[in-house]
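For reference, the structure discussed in these notes is given below.
The values are calculated or read from the model by the stated rules, or taken from the named source; none is laboratory data. Please read all numbers here as calculations on a predicted model, not as lab measurements. Cβ placement follows ideal geometry from the backbone for every residue including glycine, while neighbour counts extend to all protein chains displayed.
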Amino acid sequence: MSTNVVDVPPETYRRLKEARKAGNSPEALTRELLEESLRARENVPYKTAREVLQGSGKIRPLGKTLRGKIASGVTLDEVRASLTMAGGLPLSEIVLQQRGPRP
């Protein structure tokens, strides 16, 4: 069995200590906390990157100028298919290359 070291907030650490005093193993409480967290997460609807960025104010809707450049009648799936067929580096790789090496 492998060992993982996890930094936990003081409140969680307090709960682990209380579990030990009550005769429960910290491992059992940790497993319970992880399982609760995973179950809670399963019930949360998935958010897209766009929704997260919009919610944090990092992006905003397109202005009139950019909206005017969108070809009418073309679906997002068609655009994605065209970009996939174009070949070459993915856009994310091009951006990383243009940024240069990290300091």
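Would you tally the residues in region 71-91 being loosely packed, with under 10 Cβ neighbours inside 10 Å and either touching a Ser or Thr at 6+ places or on another chain (Cβ under 6 Å) or farther than 16 Å from Thr48 by Cβ (or both)?
Final tally of qualifying residues: 10.
If a residue has to be of a type outside the set (Lys, Arg) and surrounded by 10 or more Cβ atoms within 10 Å (Cβ to Cβ) to count, how many in region 3-36 make the cut?
18
Suppose we filter Pro61, Pro45 for residues that are at pLDDT below 80, out of contact with any helix residue (DSSP H, G or I) (no Cβ under 6 Å at 6 or more places or on another chain) and either surrounded by 10 or more Cβ atoms within 10 Å (Cβ to Cβ) or in a loop (DSSP other than H, G, I, E, B) (or both); which single one remains?
That would be Pro45, the only listed residue that is at pLDDT below 80, out of contact with any helix residue (DSSP H, G or I) (no Cβ under 6 Å at 6 or more places or on another chain) and either surrounded by 10 or more Cβ atoms within 10 Å (Cβ to Cβ) or in a loop (DSSP other than H, G, I, E, B) (or both).
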